[in-house]
Each structure stands twice: as C-alpha cells, then as structure tokens.
C-alpha cells in the first residue's frame, strides 16, 4: 500500500499523523501507519540524533500532576512525551469484592488493573481491558509495585491501583509504573522508595537508547524494560522484548537504570513541589479556561 | 459514587435544603455546578473533548472509520457509542463492574441520536450502498461525582463539534471494490453539524421537588430520576426514567417543562463555551494542559 | 398430606401409584397425554406451528432466507433446525448459550427430520442462490417429551411454509422476489417421535411428564412414520427386554399414525 | 463473526428475501405515509387501541406466568421463585429483579440472532425499571426474582405488552407488590398521533420527518391504583407539549387496561379455588 505518514505539529506541539491513502477494505481506521512507513528508517542518524531529535541518553519530556481527582485516595497523571497515563489509588481499605476472602494476615493485598482507553492507540482498540496483553500488564504492574510498597504495614487490607492509558506512544508500562508511584505517594501509602520504570533499546547494534518511543519500538530494535528502586539500585522487574547479545545487555541495562534515576529525580521534584502547594488552595479554576456558565 | 454512605439524618438535611431551594453547596434547584471544557486533547482521535463537571470527569474521543452502510439504510453512515466506566472512578467498576451502567448510558445516547432530526447520518455517506463513515464515539468515565448523563452528553456534543472528518478526494471503482483517495492534507477536513445534537438533562426527584445536576450525595437520597435529551430549540429527542421509583403524572409534566427550559440554557451555555474554547485553540500557541492543571 | 409425601419421597410416591397401574395424573402407564397442534399462529414467520403435549409446549417458527450454497453441494439448500430451551420454560435453564440438553435435543431432532424434504427443491440457481430454512423450535413449557413436541412442531410447520418465487438474474447476480406467487414445500415423510421412560428398571411409562423423566432409570425414543422405523434412541440406563421393546415400537407406530392424522387436520382446517 | 458451535449453523451469510422484493410492491406503502394513517391497516380509528388478551398460569413449570396478546403481538413471560443473588459479595438491602427480554428468532420481519442484542438489552432494562417501583423489594432482601420475557411475535407495542405481561406474571407468582403495572404505547408522526401502533406504523413514526415536525414513539407504564408512572420511554423528536399530550393519552389507555388485568387475575384466583374445592 502506498502510504505516507506526515508528522506535523498541530496546535501546540502535538503530533498528528495522517494516512494519505485508504484502501476500500471496510473497518480500516484512518489512523497512522507509522510502522509500515518507518521500516527503512535508521534509529540513529549520522549526526547521532534519534528519530524524534533526541540524543541517545535523553529522556522524553516528562510532565506530571499529583492529585488529579478528589474522590480517590490518591491520583496522578503523567505525560512522557506523547504517552499519557492516569493512575488512581484506593486504599488501604478493608478487602472487598472478590478479594474479600483472599486477604493476607501479615501484609496488604495489592490489586492492579491496567486498562487502555479505546482511542488511545492509532487503530481503535475493541476492548479497553480484559485481553491477554492487559492482564499481563496488570500482573507486571503489581509485581513492580509490590516491591516498593511496605505491604507489611497494612495487614488484612487491600490497596487498589488502577491505571488508565489515555494515549499510547511507547513505554506504556514505564509511564504506568511512574504514574502509579506518584498516586501511591498522593494516597500516603508507605513506600520503601519510589518504583520507577524506564525502557532502553539498542541502535545500530552498539549505542543504547533510553526511553523508547512507539516509533522506535515498532522499528524493531530489541527493547528492555526495567522497573527499579533507583536509590538502592535494586531491580524489581526486568523484561526484554527479544534477545540481546551478552556484551550489549550490561550497557543497555545501565542506560535504563540511568534513565530510572533521571526519572526519579523528576518525580521527586514534582512530589516536593506538590507538597509545597497543597498547603495553599488547590489550583482548580485558577487558569482562565472556558468555563460553562449557566 | 465512590462509597457514598448517608445516614437518615443527612438525607433529611439534604431534603430540607432542597425544599427551601438552597442545596448543600449553596445552589438553587436549577443551578449547575461549575463546568470546564477542553477540546482536542487526544491526538490519536479525530475529535476529542474533556468535560469536568465539579467532580465528574469525562473524556470523549471520536474516531472515524470507513465502513459499509446497512442494507436497509444505504444512504446513511453509522455512529456507535461505547462507554467505558474506568475503575479510576470507583473500585466498583473494576473488571466488568461498570458494564451495566455503561450499556445504559450508551443505549440512551444512541436512542437520543436515533432521529434524523438530531444528527444527520446522511452526511456521513460517501457512496450510497457501498461506503460510509462510521463514527466511534468512545466515552471514558474517569470520575463520577453525580450527574453522569449530563456530563457525558456535553462531552459527546463537544467532541463531535471538534471532530475532523477527512475529505474524500477521489473515488475509483474497480469491479466491486472502491478505492478511496483521502486528502493528504491533515487540515483538509470537514466538520460535523451538531446544531441539533441534544444535551441530556437529568432531573432528580428529592421529596416532591425536581432538581438538576445532582451531586453523588443527592443522587443517593433520590428514588427516581428522569433523563431528557433536549435540543437547542427545546425539542425532546428522548426521554426515560432511570433508577427505581416512580412519578406522579403531574410531577412528570412539570419535569418536562423544567427540563426543556434547562436544556435550552445548557445547549446555549455549551455553544458559548465551545466558541470560546475554539478561539483559544486558534491562538498562536494555545496552552494545552489536559490533566496537568 | 399427599403433597408433602411427594416432596419428601417422590420415588415411593410414584411406586404407590404404579402399584395400582396408575400414574399420579390419572393415566395408565401406556397412555399418552392429549396433543394439540395449531399451525400458522405466527404471521412474521414463513411457517409456524404450536404443539402441546400435556403441559409441554413448543413453538416452531421457520424463517426462509436466501444464501449461497456450499461449493461441494451447489444444488442443495439448507435446513437449519435448532431447539431452544430458554430459561422461561423451566427453572433448570439459565440465560446464555444453549445448555447441553438443548444441544443434544437439537441433534436428535435434526437427525430425526433430516430426510423429510429433498434439499434440492430449495435451489434457486445452482452454485449461486439457495433457500435457507432457519427452523427454530422454542420450548415454552418444559414438562417431559420436549423432543417429541419439537419433531411434531417441525413437521407441521414445514408443511405450512410457502416460499415466494424467485428469479435469479445471471448477469447482475441479483435475485428478484415475487411475493404474490408462493409455493408449498414438498414434504416426503412424516416422522413422529414417541418417548418412553423406564421406571424402577421395569415399568415402562409412555409419554412421561417432566417429573417422570427425572425419576426414570432409562429413556427411550422411537422415531417412526407409522410404517417405517427411522430410529430408536436409547441412551444407556437400565436394560429392556426384547418384548418390552416390541411393545414400545407398536405403541409408537400407533401414535405416529394418530399424530400424522392430527397434523393433516390442523393444516387443512387452517387453509 | 464468532462461530457458535453449540448450534447448527447455516451458511455464513443469508439475506431476508424481502430485500430483493420487486420494487413496485415495497414503495407503495412507504412513500405515502398519510395514506397509511388515514385508514389504518386493521380498520381502527387513529386513537383506538387494539384488543388485548391476557392469561395467567400458562407455563406449568414456572412459579408464575402470563401471556399477553395485542392482536398480532404475542408475548409470554414467566417468573421464578426468588433465589440468592449470584456472585454478590455485599449484602443488598433490597431484593432485585433480573429481567431478560428476548425476541424469538422468527418474531420479527427480519430474522433475529440467538444472542441478546443491544436493543433487547435496552428493552430488558426498561422492563426492569418499569416493574421495580411496583414490587415490594424490601420483602426479599439479598434475593433476586428472575423474570424472563419472550416475544413470540412482534407487531408493535412490544415493550408495552411485555411490561403488562410481566406485571401479571409477578402477581401470578405471588411476588408481593404495591400495585399492578399496565403499559401502553403511542406513535407520533407530523401532526398525527396513532394510539397503540402496529409494527408498520411504528417504523413509519421512527422515520424522519421535515425539520420542526414531531415524530417518534412513547411508551408509558402506570400503576393504576396509585396513578404513578413507573416508566416512560420516548424516542424520536418532539416538542414538550407533544410529549405531555401523548402522556395524558397514554395514561388514559393504561387506566383502561388496568381493570382488564385485574379481571384476568381474579379469574385465575377463582379458577384455582374452584379446582381445589373439586379435588
């Protein structure tokens, strides 16, 4: 299919891609077809810059907000580049629902649900959750967060962590872990330290890249995801999309852990700023926005 | 929504407040809570909007796809509503917990869009009997602080207003297959006509009184609610009772009158808000905060 | 008292009755329940019949549609019979996909009735278009011998189907239907199924009720048109002697003749 | 489409033959709506309703059951003993109604699938909403009453018939209730109102009209003795005066149906008593 994807700034720095030709097959989304278009691309240009202009060791722009919702015990929103994730935390509370009879006597039960908005991807998803991929993600999330939460402080209770991917552009899992950590902080759940996740890849067979975007993911380099406790330098979860050469893995892992430390710094700063601000009135309604006035 | 537990005394307090037309948060019976609207915040969608009505938070994305028209309606496009009650709103929605509510909302929306007078599906037709646009209106409920129906409908109308449908440049018939050439310019789009798209107005009966825009606590005190789909010019496109409980015919007729008035005001307010937001987006470098604010 | 006795010890309750060659509903063991057949009661279907055997009620509706034939059998149409046991008919069933019982009943009915019509007469244009008869039998009241009622309902409903004439334009590959001009289907045979329940390994109950079925130690269904035996279905359970089997066969033949007569009367009175 | 291997399957696709009807036959009725409504197909005046037939105790295996016929529209309903709400962890103060409405595959103009579709789900919900206010749900906390409705033939006014039928079946099953529920429907197109429309008229009322005109369908369920509307469902597009006008007409019709339902119940009670006394 003759398909060209035009990356274009639309409004304030938002990328918008547009497929020029659409076949007559029904049910074909008018979304991006970046993967097909970019197979020929190189992950790293001759100038040593990545597809989106970053340097190999440069993270995407991270913006976050702690305390998005008022009803949840804790909530947070994070943007890592164009990947946008919302996380909420309920608890610790009495176990309820199906977990009612499964609670643990000496520690808290951590319950995670990973879900993706149906409009979060280029091609519309049919179901927001319940498929195998999101089940797996839910489990991985729980595994990483259990390492950080001081579950022994909350026996016979349950902590619910729900993450919702609003926009997916690579590194979904990482953004989810980071958002969940912020939400846990907001909920006041006791943590050993922040659980931070970051991904890394390898370009041209030698140069490690940090914080992989969707474009780079689909270009097909090997991909390493690490969830770590960066202060103590412990790895909570590590996953590889495909095999790495023995010689390459250490440096890719090092780059990913480096990324984790960087993200940790950003998150920590955000938390400190948030705590400073919570003393004042919440920022609601301060910015001039289109209010619906009756 | 999340675990509202009220004692009898608290319920009576709310009831008395409604009786004297002064609700807990200082509103009168027909006042809405503050609302905020932001357009175009989901880049993967053709149109999107987020509406926050006090604690109720709704995000809507509209995506377009090419589909084959229904054989019984060959000259009409399709529109499909999908509601996802995110567990972010309340742990009760985890897994399949929110499905009943989601079906209720999406069914009500499709009923109120059913009439050709509310939304012109014919404009979505590309080639009679062969190709048409299908709009997927995906609604994500992120927080429920009462009055879901109204907030959802506002967000849906705003997202449809924001939707850009790519223009079809050429069509080539190749046997039974059709090749569509869409315009390569992402700005070469057309907008949907949302003039007659209704807004939903929920009237909640507390005691003998009908109030609009109930909070979660107020919903908890009420036995019966009425949902109306009201258009800009005060026509009712759909009407249904939700929740348990029943109405006296007199209350119902009064509800129709009040609901229509409120609906007209709501549509007008939304229109103004949309214009304002549109203007903001057209500015040179509009600030996009989404959930960061 | 009798009601309590029955709930506490249903088997003994039945034994007491059967010791006097009588069943609780007043029938002798070999007597069948009354049957009513009603056709064309549903106007939205192309053919329909309602059959009651005692309390058991089955509605059969046939919808004819046009479809493409299978490549290996280009001239044969389709008969798609399905038995539905909705939750409405008994507390034994829940909403959702068909229960095991419904599935096995569907198989039984499909097998008993597969030879009824020549599927070639459902052909409109070989390789292109054939009639598809969607035959849905819905049980409204589940009180024993539902499969018998299904077979009767299908047989009666099939005789009321009137297919409109269709012309197939070979060039545009589109059919044109003339609703004014309709024809009946030619039905070759008329199988009737009769079921028996074996109580306490020896007593044979003809046309058992739901209760009798659930208490029985074995079941037997005979499909016959009065002269030929199409099939005998005995899914396990206690054994039967040859003479008992012969009795069942002759009872079934009698009943088949009777019911086929009833179907004929019902259809002729409907026209 | 997912393959259903628990049923016998026909070919993958098949079409209703009405689609290929000769064109002259079809358009006659559709192109001239006013014609259809000046003389209704069954000879009724515009505001006349159809004859209604009701019967209780039709399903021997159910706790309570009823059958309702609005000339060609045929609906059957059965109600079962309350049972504990399955898969529920929290205790619920009120009993629940579990309503499932299903169209028989052959009940409509075009064949229906075996699985419940979204229209059936919507009708089920409306049915539930219509019945809930009438049932004393505090009498059976943490239990649910199963109500199954099957539409055998749809010739308009399905929801109304289903509500009336389910109300009777609940009463027949001795479920404690405040009042009986009866329902009625009405169609509007342009300036014309049609009481108790048949399927063809319903379709006509759902069809688009010129801008500024009214069209649509209204269904109302009423508890007659308390004059309480338990459910109202409107589709289409109409002015609020038109809706309230329709409401008052429908309430009247519901009130007319109410004594018929009462008589039907009385008759079934008399029957059971006389049966008991003879045995």
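The values are calculated or read from the model by the stated rules, or taken from the named source; none is laboratory data. Here the structure is a predicted model, which means the values were calculated and not measured. Cβ: placed from backbone, ideal geometry, glycine included. Neighbour counts: every protein chain shown.
One line per residue, one yes/no per condition, for (1) in contact with a helix residue (DSSP H, G or I) (Cβ under 8 Å, 6 or more places away or on another chain); (2) farther than 21 Å from residue D:135 by Cα; (3) at pLDDT below 95:
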site: D:148; (1), (2), (3): yes, no, no
site: D:151; (1), (2), (3): yes, yes, no
site: D:159; (1), (2), (3): yes, no, no
site: D:162; (1), (2), (3): yes, no, no
site: D:169; (1), (2), (3): no, no, no
site: D:182; (1), (2), (3): yes, no, no
site: D:189; (1), (2), (3): yes, yes, yes
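Report whether or not residue C:112 is away from chain D (no Cβ under 11 Å) and within 24 Å of residue D:151 (Cβ to Cβ). No; evaluated as a whole, the condition is false for this residue. The residues of the stretch C:7-42 that are closer than 17 Å to residue C:209 by Cα, within 14 Å of chain D (Cβ to nearest Cβ) and in contact with a helix residue (DSSP H, G or I) (Cβ under 6 Å, 6 or more places away or on another chain) amount to a single one, C:24. If only residues of the stretch A:111-122 that are farther than 19 Å from residue B:49 by Cα and either within 7 Å of chain B (Cβ to nearest Cβ) or not in a strand (DSSP E or B) (or both) are counted, the one that is farthest from the chain's Cα centre (by Cα) is A:113.
Please go through the stretch B:8-40 and give me each residue that is part of a loop (DSSP other than H, G, I, E, B) and within 14 Å of another protein chain (Cβ to nearest Cβ), ordered by number. Within the stretch B:8-40, B:25, B:27, B:28, B:29, B:30, B:31, B:32, B:33, B:34, B:40 qualify.
The condition of being crowded, with 22+ Cβ neighbours inside 10 Å and either in a loop (DSSP other than H, G, I, E, B) or within 11 Å of chain D (Cβ to nearest Cβ) (or both) holds for only one of B:95, B:146, that being B:146. The residue that is farthest from residue D:111 (Cα to Cα), counting only those in the stretch C:67-84 that are crowded, with 24+ Cβ neighbours inside 10 Å and in contact with a helix residue (DSSP H, G or I) (Cβ under 7 Å, 6 or more places away or on another chain), is C:77. Within the bounds of the stretch D:116-126, is there any residue that is within 11 Å of chain B (Cβ to nearest Cβ), in contact (Cβ under 8 Å) with a residue 12 or more places away in the chain and crowded, with 24+ Cβ neighbours inside 10 Å? Scanning the stretch D:116-126, I find at least one residue that is within 11 Å of chain B (Cβ to nearest Cβ), in contact (Cβ under 8 Å) with a residue 12 or more places away in the chain and crowded, with 24+ Cβ neighbours inside 10 Å, so the answer is yes.
Condition first: in contact with a strand residue (DSSP E or B) (Cβ under 7 Å, 6 or more places away or on another chain) and outside any helix (DSSP H, G or I). Now tell me which residues in the stretch A:123-143 satisfy that. Across the stretch A:123-143, the qualifying residues are A:123, A:124, A:125, A:128, A:129. Residues of the stretch B:163-178 that are more than 20 Å from residue B:62 (Cβ to Cβ), in contact with a strand residue (DSSP E or B) (Cβ under 7 Å, 6 or more places away or on another chain) and more than 10 Å from chain A (Cβ to nearest Cβ): B:170 alone. Return yes when residue B:245 is buried (at least 16 other Cβ atoms within 10 Å of the Cβ), in contact with a strand residue (DSSP E or B) (Cβ under 6 Å, 6 or more places away or on another chain) and not in a helix (DSSP H, G or I) and no when it is not. Answer is yes for this residue. Among the residues here, residue B:266 qualifies as surrounded by 23 or more Cβ atoms within 10 Å (Cβ to Cβ), more than 10 Å from chain D (Cβ to nearest Cβ) and either without any contact (Cβ under 8 Å) to a residue 12 or more places away in the chain or farther than 21 Å from residue D:133 by Cα (or both). Consider the stretch C:49-61 and keep the residues that are within 7 Å of chain D (Cβ to nearest Cβ) and either free of Cβ contacts under 8 Å to residues at least 60 places away in the same chain or in a strand (DSSP E or B) (or both). The one that is farthest from residue C:208 (Cα to Cα) is C:61. Is it the case that the stretch D:52-65 has a residue that's touching a residue at least 40 places away in the same chain (Cβ under 8 Å), at the interface with another protein chain (Cβ under 10 Å from one of its Cβ atoms) and under 19 Å from the mean Cα position of the chain (by Cα)? Checking the stretch D:52-65: at least one residue is touching a residue at least 40 places away in the same chain (Cβ under 8 Å), at the interface with another protein chain (Cβ under 10 Å from one of its Cβ atoms) and under 19 Å from the mean Cα position of the chain (by Cα). The criterion of at least 3 residues that are within 14 Å of another protein chain (Cβ to nearest Cβ) is met, among strands (runs of 3 or more DSSP E) falling completely within the stretch C:157-236, by C:162-169, C:174-184.
Matching residues to (1) away from chain B (no Cβ under 14 Å); (2) crowded, with 22+ Cβ neighbours inside 10 Å:
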site	(1), (2)
D:229	no, yes
D:233	no, yes
D:240	no, yes
D:245	no, no
D:249	no, no
D:254	no, yes
D:271	yes, no
D:274	yes, no
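The set of residues in the stretch B:179-198 that are out of contact with any strand residue (DSSP E or B) (no Cβ under 6 Å at 6 or more places or on another chain), within 22 Å of residue B:274 (Cα to Cα) and within 11 Å of chain A (Cβ to nearest Cβ) comprises B:187, B:188. On the stretch given as the stretch A:85-106, residues that are in contact with a helix residue (DSSP H, G or I) (Cβ under 7 Å, 6 or more places away or on another chain) and farther than 19 Å from residue A:138 by Cβ total 1.
Restricting B:65, B:80 to residues that are more than 8 Å from chain A (Cβ to nearest Cβ), surrounded by fewer than 24 Cβ atoms within 10 Å (Cβ to Cβ), assigned to a strand (DSSP E or B) and touching a residue at least 40 places away in the same chain (Cβ under 8 Å) narrows the list to B:80. If you go through the stretch D:211-262 and keep only what is at positive phi and part of a strand (DSSP E or B), you end up with D:216, D:236. Per this entry, residue B:154 is counted among residues that are within 8 Å of another protein chain (Cβ to nearest Cβ), assigned to a helix (DSSP H, G or I) and surrounded by 21 or more Cβ atoms within 10 Å (Cβ to Cβ). Only residues that are within 12 Å of residue C:36 (Cβ to Cβ) and out of contact with any helix residue (DSSP H, G or I) (no Cβ under 9 Å at 6 or more places or on another chain) were counted in the stretch C:253-268, giving 1. Just name the residue that is surrounded by the most Cβ atoms within 10 Å (Cβ to Cβ) out of those in the stretch A:183-216 that are out of contact with any helix residue (DSSP H, G or I) (no Cβ under 8 Å at 6 or more places or on another chain) and within 13 Å of residue A:60 (Cα to Cα). Within the stretch A:183-216, the match that is surrounded by the most Cβ atoms within 10 Å (Cβ to Cβ) is A:212.
Answer yes if at least one residue in the stretch C:128-147 is surrounded by fewer than 18 Cβ atoms within 10 Å (Cβ to Cβ), free of Cβ contacts under 8 Å to residues at least 60 places away in the same chain and more than 27 Å from residue C:32 (Cβ to Cβ), and no otherwise. Looking for residues that are surrounded by fewer than 18 Cβ atoms within 10 Å (Cβ to Cβ), free of Cβ contacts under 8 Å to residues at least 60 places away in the same chain and more than 27 Å from residue C:32 (Cβ to Cβ), one finds none in the stretch C:128-147, hence no. Mind listing whichever residues of the stretch B:224-242 are part of a loop (DSSP other than H, G, I, E, B) and facing chain D (nearest Cβ under 8 Å)? Those that are part of a loop (DSSP other than H, G, I, E, B) and facing chain D (nearest Cβ under 8 Å): B:231, B:234.
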